[in-house]
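Some notes on the structure that comes next.
The values are calculated or read from the model by the stated rules, or taken from the named source; none is laboratory data. Being a predicted model, the structure only gives us computed values, none of them experimental. For neighbour counting, all protein chains shown are included, and Cβ atoms are generated from backbone atoms with ideal geometry for every residue, glycine included. Keep in mind that these areas ignore ligands, DNA and RNA; they rest on the heavy atoms of the full protein, side chains included. Shrake-Rupley method; radii C 1.70, N 1.55, O 1.52, S 1.80 Å.
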Amino acid sequence: MNGMNQVILEGNIVRVPVAKDTPHGTRLCNMPIAVNRIYKDKGGNDVDEVGYYDIEAWGEKLASIIEKCGFKGRGVRVVGRLKQNRWKTTDGKSMAKIVVVAEHVDFKPMFRKKNDDNPAEEAEPIPNDEGIESEEEFENLAEAAAGIRAEQEAGETVF
C-alpha cells in the first residue's frame with residue numbers, strides 16, 4: 001500500500017525557471033518558489049516567515065509551459081509530491097535534499113498597475129499571452145504529470 005504524499009504550495013517564483021533535457025530524453029524544468037506565512041508572536045507582533053522550495057516539473061508539456069509562463073515574481077500554485085534525493089559526496093558523506101515534484105501548476109493572473117493619477121481606476125488583468133490555446137491544454141498537462149508519476153511508481157526511470 002502506498003502512503004499519502006501530497007503537497008500544495010502557493011507562492012512566488014524566486015528565479016527564472018530553467019528547463020533542460022535529461023540524458024534519458026525526458027524534459028525537466030526546475031523552478032524555485034518562496035512561500036510566505038505571517039503569524040503573531042507571543043507579544044502580538046506580526047512575524048513574516050518565508051520558506052523556499054525547489055520544484056521539479058517532469059515531462060515535455062508541463063516543463064515547457066512552466067519555462068514559457070514562469071518568470072521571477074509571478075505567483076504560482078503547485079500541487080505535487082515530496083521526493084527525497086540522496087547521494088554521497090566524494091569524501092563519503094551522505095547527503096539528502098527534498099524537492100517537490102509538480103503534478104499540476106497554476107499561474108496566478110497578472111494585472112497591469114493602477115494609474116496613480118486616477119485612484120478610482122481598477123487594476124486590469126493582462127490578457128492570456130502565454131501561448132496556451134485552451135483549457136484542454138491545461139488538462140493535458142495534468143494528465144502528462146499523472147503519467148510520469150505512474151511510471152515513477154512502477155519503478156521505471158524517467159530521469
Inter-residue pairs, beta-carbon under 8 Å, first touching a residue at least 40 places away in the same chain (Cβ under 8 Å) and in the stretch 84-97, second assigned to a strand (DSSP E or B) and of a type in the set (D, E, K, R), 6+ apart: K97/D54
Being in contact (Cβ under 8 Å) with a residue 12 or more places away in the chain and touching a helix residue (DSSP H, G or I) at 6+ places or on another chain (Cβ under 9 Å) is the requirement here; does A63 meet it? no
Enumeration of residues in the stretch 1-24 that are open to solvent by 60 Å² or more (accessible area, probe 1.4 Å) and outside any strand (DSSP E or B): M1, N2, G3, M4, Q6, R15, V16, P23, H24
Evaluate the stretch 44-54: report whether one residue or more is open to solvent by less than 70 Å² (accessible area, probe 1.4 Å) and touching a Pro at 6+ places or on another chain (Cβ under 8 Å). yes
